[in-house]
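Inspection log for the structure reproduced underneath, given as structure tokens.
The values are calculated or read from the model by the stated rules, or taken from the named source; none is laboratory data. If you're wondering where the values come from, they're calculated on a predicted model, not measured in any experiment. Please note: Cβ atoms are built from the backbone with ideal geometry, for glycine as well, and neighbour counts cover all protein chains shown.
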Amino acid sequence: MEIKIILFWLLLLAMSAPSFIFGLAKIISKKDKVELFQRLGYPMWFMKLVGFGEVAITIGLLFEPTRMIAIVLSSIILIGAVVSHVRAREPKEAMAPAIVLVHLAIIFVFTFFI
């Protein structure tokens, strides 16, 4: 198998696995996610919407026809997460997953141009 294809799928999995896990945590209203959304000032219906969005994005990333749409939507959600943490003056450690995923999204977009 060609190295570019292996790297592509590793980036894909590195981007989609956390999105799926974080999305499920929001859908099932995991305690830490509920506390986070309350601290950030968002309603619980919005947490569920973001959770379902993250799970849908994960599925969209796996299929070529929906991949670019999923990348764009994922980037919007992640940028929104970073902005929310900054506005709430959260410590930088709280923003680490979102910052890492934004970087992965940027790298992933560049794979289409290599």
* **Matching option when the condition is buried (at least 17 other Cβ atoms within 10 Å of the Cβ), at pLDDT below 95 and of a type outside the set (Ser, Thr, Tyr), among 40, 61, 7, 13** => 61
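Which residue out of 75, 29 is more than 11 Å from the chain's Cα centre (by Cα) and polar (S, T, N, Q)? Walk me through how you get there before you give the answer.
Working: 75 fails: more than 11 Å from the chain's Cα centre (by Cα).
The conditions single out 29.
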* Going by the conditions given, is residue 54 more than 14 Å from the chain's Cα centre (by Cα), in a helix (DSSP H, G or I) and among the acidic types (Asp, Glu)? -> no
* To do: Tell me, please, whether a residue that is modelled with pLDDT under 85, assigned to a helix (DSSP H, G or I) and over 16 Å from residue 106 (Cβ atoms) can be found in the range 85-92.
  => yes
